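Have a look at the structure below before the remarks.
The values are calculated or read from the model by the stated rules, or taken from the named source; none is laboratory data. Worth saying up front: this structure is predicted, and the values here are computed from it rather than measured. So basically every Cβ, Gly included, is an ideal-geometry build from the backbone, and we count neighbours across all protein chains shown. Surface accessibility is based on the protein's heavy atoms, side chains included, excluding ligands, DNA and RNA. Shrake-Rupley method; radii C 1.70, N 1.55, O 1.52, S 1.80 Å.
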Amino acid sequence: MRDPVTQANVDHVSEGLDELYQVSQAVLSVTRQMSVRDVLQVIVRSARSLVGARYAALGVPDAGDSFAEFVVDGVSDAEWAAIGPLPRRHGMLAVLLNQGKPERLADIRKDPRFEGWPAAHPKMSHFLGVPVRDGDQVLGIIFAANKVSAAAEKRGFTERDEEILSLFAAHAAIALINARLYEHSRELSIIQERTRLARDLHDAVTQKLFSIRAHARAAAVLAAREPPDAKRVRAEIEVVGELGAEAHAELRAVIDGLAPPDLEAAGLAESLRRYAVLAGRAHGVPVAFTAACLPPLDSKAEAALYRVAQEALHNALRHAGAQRVAVRVGRRHGGLVLEVADDGVGFDPGDPEVRSRRLGLTSMEERARRLGGRLEIRSAPGAGTTVRLEAARG
């Protein structure tokens, strides 16, 4: 029979390992995120779970007396809207930011530093707050309130909860700094890419457009003569057509060479997810995104696939009148498959007049052919649209 003291030690070690495992998993979840907003949301959700809290929040201070970011978990959207504007840096929030050390309270309402909350704010008692620090600088504060379980609610947050949350906050600080650096590098990449694009457009297209205008004016002058010089007019118009075709080809080459600035860094699936989410928010249409493991792709194949998805999503959000859009990308028979489906008004893909108005369809088909794949468009009036691309591995 095992000695009770020994068994207690074993149980204590086991409990400690389990807690460390939970912290490790939470840290991994945070470090997988790239954007600052995503990092903040995962930090808050993980912090709440680690200490078994009913509510959790993270505030990142701004340059004034408020917060640049304030993310909550455990509060519904309706409850959050009812609370009102972002809190100011006062009361216990100011204490955590100014002193930069943990605070654990049996009842925040009884602390003399507490300054109240809006009428719609959830009622909180037990309180645990820790700073997110980079050296001497406080990047933000994580706080949790009210234990979830009835038994834990009686005793409140423990010293062990404070240790766990402080440990997690130290790792969260690194993830937050990395996310900020990544977003800054993205901004620089975008600026550099815009500069390159402007230069390429000038070099490749501007001279052609200048020539087109010159020949078009010459044709107009010749046509206005009495009698018109029909032969020379026709010759000038033919030159305009040739120059226009060359300008179009060069412009297409510039566009094809313009890979999304974050595609290489974030990967195809994550870049598509971000674009889908942002595009959906911009148009007020929910976009569901799912991605499975993709086969290895070269940079040209990734860029082409991204552009097809971008065009299909653009059509769904701008022209389909859709209420919902779903984007899916994954592996099929060793190759890849991309599908963008909407519940919009639909159209007849075989109608030449419709196709002439939807130049994006031709562009998507051309990109699919370059990938060695096939683009299928399933749609009918009133039945929504599904754009599906299947291609061999790029």
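Listed by first and then second residue, the pairs with beta-carbon distance under 7 Å, at least 6 apart or on different chains, first residue in region 221-249 and closer than 21 Å to residue 210 by Cβ, second of a type in the set (Lys, Arg), are 222/232; 243/208; 246/208; 247/208. Annotation: of all residues in region 302-343 being open to solvent by 10 Å² or more (accessible area, probe 1.4 Å), assigned to a helix (DSSP H, G or I) and in contact with a strand residue (DSSP E or B) (Cβ under 9 Å, 6 or more places away or on another chain), the one that is nearest to residue 390 (Cα to Cα) is 304. Restricting attention to region 118-127, the residues that are touching a strand residue (DSSP E or B) at 6+ places or on another chain (Cβ under 9 Å) and open to solvent by 50 Å² or more (accessible area, probe 1.4 Å) add up to 1.
Among the residues of region 172-228, those that are at pLDDT 75 or above and among the charged types (D, E, K, R) comprise 180, 213, 217, 225.
Among the residues of region 73-83, what is the count of those that are open to solvent by 40 Å² or more (accessible area, probe 1.4 Å), free of Cβ contacts under 8 Å to residues at least 40 places away in the same chain and under 19 Å from residue 116 (Cα atoms)? Number of matching residues: 3.
Just to be sure I understand, how many residues within region 39-66 are touching a residue at least 60 places away in the same chain (Cβ under 8 Å), part of a loop (DSSP other than H, G, I, E, B) and open to solvent by 10 Å² or more (accessible area, probe 1.4 Å)?
Residues flagged as touching a residue at least 60 places away in the same chain (Cβ under 8 Å), part of a loop (DSSP other than H, G, I, E, B) and open to solvent by 10 Å² or more (accessible area, probe 1.4 Å) within region 39-66 amount to 1.
Taking residues in region 262-278 that are among the aromatic types (Phe, Trp, Tyr), and partners anywhere that are modelled with pLDDT of 80 or more, the pairs with Cβ atoms closer than 8 Å and at least 6 places apart or on different chains are 275/306; 275/309; 275/310; 275/313. Among the residues making up region 128-164, those that are over 15 Å from residue 59 (Cα atoms) and either touching a Cys at 6+ places or on another chain (Cβ under 9 Å) or open to solvent by less than 20 Å² (accessible area, probe 1.4 Å) (or both) are 146, 147, 152, 156, 157, 161, 164.
Restricting to region 106-117, name every residue that is open to solvent by 60 Å² or more (accessible area, probe 1.4 Å) and touching a Gly at 6+ places or on another chain (Cβ under 7 Å).
Matches in region 106-117: 106, 113, 115.
Between 369, 324, 378, the distinction of being out of contact with any helix residue (DSSP H, G or I) (no Cβ under 6 Å at 6 or more places or on another chain) and at pLDDT below 85 belongs to 369 only. What residue, among those in region 273-301 that are β-branched (Val, Ile, Thr) and not in a helix (DSSP H, G or I), is most open to solvent (accessible area, probe 1.4 Å)? Applying the filter and picking the extreme gives 290. Within the span defined as region 340-360, every residue fails to be at pLDDT below 85, among the polar types (S, T, N, Q) and touching a helix residue (DSSP H, G or I) at 6+ places or on another chain (Cβ under 8 Å).
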